1. Could you work out how much longer the chain between A278 and L224 gets when fully extended? Use 0.36 nm per residue separation minus the Cα distance between them, nm to one decimal.
2. Once you list every other residue whose beta carbon is under 13 Å from the beta carbon of S412, what net charge do they have if Lys and Arg are +1 and Asp and Glu are -1?
3. Where does the longest stretch of the chain lie that holds no GluC sites (Glu not before Pro) found in a DSSP loop with 12 or fewer other Cβ atoms within 10 Å?
4. Return one number: the angle in degrees, 0 to 90 and rounded to the nearest 10, between the long axis of the Cα atoms of helix 457-476 and the longest principal axis of the Cα atoms of the chain.
5. What is the sum of charges around D325, taking Lys and Arg as +1, Asp and Glu as -1, for the other residues whose C-beta is under 14 Å from the C-beta of D325?
6. Roughly what % of DSSP beta bridges within the chain run antiparallel, to the nearest 5?
7. Using only C-alpha atoms and all pairs of different ones, pull out the Kirkwood radius for the stretch 347-481 in Å with one decimal.
8. Out of the total accessible area of the stretch 18-76 (probe 1.4 Å, heavy atoms of protein only), what percent is carbon and sulfur?
Amino acid sequence: MPPRARVDEMVTSVVRRWPGEVLPLLTRYARIPNLSPAFDPAWETTGHMEHAVELLAEWATARSIPGMTVEVVRLPGCTPTLLVDVPSTHPGATSSVLIYGHYDKQPPFDGWTEGRGPWIPLVEDDRLYARGVADDGYALPSALLAIEAVEMAGGTHGRCTILVEGSEESGSPHLPEVLDHLSGRIGAPDLVVALDSGCPTYDRLWITTSLRGAIVGTLTVSVLEHGVHSGSAGAVVPSSFRLARLLLDRIEDVSTGALLLPELRTDPPASAPAQAAALAVAVTGLGEGNTSFPIVSGLVLEGAGPAEQALRIAWSGSVAVVGADGLPPTETAGSVLRPFTRLKLAIRIPPNCDTGAAEAAIERALTTDPPNGATVTWSLGQAAGGWVAPELTPWIQTALDEASDRCFGNPSAKLGEGGTIPFLGWLAARFPDAHLLATGVLGPGSNAHGPDESLHLPTAARVTASMAILIDASAARPASA
């Protein structure tokens, strides 16, 4: 059996080297406004994606890992993909690990604290502030540092492949084609690790067990060819906004926020309440309710306490109006009955919902028998399925607990996430015989996608060290495990 690494030495190596070797790379990466294709349709000509992937490739190429190959894979119409291949270090290490990350970024967003900015990397206390550093720029350097730590501490690893794509923040539309193209080169990994998830606390290693699906689309309600004076038409011509509200009432209970359509509802598994209760215990230091959210004073959250809130986030659906057209800014709005209201909706559905059935039900509910005969359209933008992780095998659970205990001082924990990561379902389908793990650094204060996004530097180093322990354990596990 391949030898195990000296764990203390491995952890110490990562924690010592991470600030000096990874942080400088991330500060350079942070300055590149490489928006995901959905937010920069001209990405091929702006050149920011190419700049970002070349920066990561150059850093990877400079690492001293024997036999490693680094390639930027370019397919027509697809953002570049970085593929790093590290050979096995021991004949007896037959395992194969695939580590996933992405390098594209969300838009800047407003509201950054003075002195901070999406493209202005700033280290304050133990955080690096900038767009994309936690979601998900840290993934590639952390993966390589973990592999190096295994080798430096006398351990072994099987073949390790790192795939870093450039379209995740757009729903990974390019990933299926990339995986098809690289299928022969990637092979059939035993373990797939996605470093793009979250953690509700920074005191342990968190493993994601489920993710909600998402239906994103645009609802348009039109009542006039052009705007008219509200005094002359009001109370006769129905308001497009009021009609839009009526349509939303078909899919959401306005009092509770619960989704009404049967296709958008499922029962959580029997294990979900206990997992939510354990999560609530882990975050009790945050106070009553999930006060990790920047709520206004006096706001009453849905759900009676942290356990129920955790269960709702993981297994209940929700509707969010995330954008609007047809409404002028308040300072320039006149007394005009507007001709239309257009709302962009982000509808979260439980992890085990049938996504196709859910989307079809939403379209029927919004467009059938429109109120007052208004012109109503629904334009689907994205329909992404949820994901439910399989039960962990004993060797993985043991390795995760060891990693969390040695790197964080607490056992690992499980988390049902409220967000949506479409690629996890695709990876699970692509590699049905692999163990699929999702973890990450998006914890309290990281504020991914929003203002003041930040990477908690100590946690990034500890997650990296945890991955080193997992990679080492993967090579040493029994062949039948």
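1. 14.1 nm
2. Residues near S412 contribute 0 overall.
3. 1-113
4. 60
5. With Lys, Arg at +1 and Asp, Glu at -1, the neighbours total +3.
6. The antiparallel proportion sits near 70 percent.
7. Every distinct Cα pair counted, the radius reaches 18.4 Å.
8. Ligands and nucleic acids excluded, carbon and sulfur give 57 percent.
The values are calculated or read from the model by the stated rules, or taken from the named source; none is laboratory data. Nothing here was measured: the structure is a model prediction, and the numbers come from that model. Here the Cβ is made from the backbone with ideal geometry for all residues, glycine too, and neighbour counts use every protein chain on show. Ligands, DNA and RNA are excluded from the accessible area calculation, which covers all protein heavy atoms including side chains. Shrake-Rupley method; radii C 1.70, N 1.55, O 1.52, S 1.80 Å.
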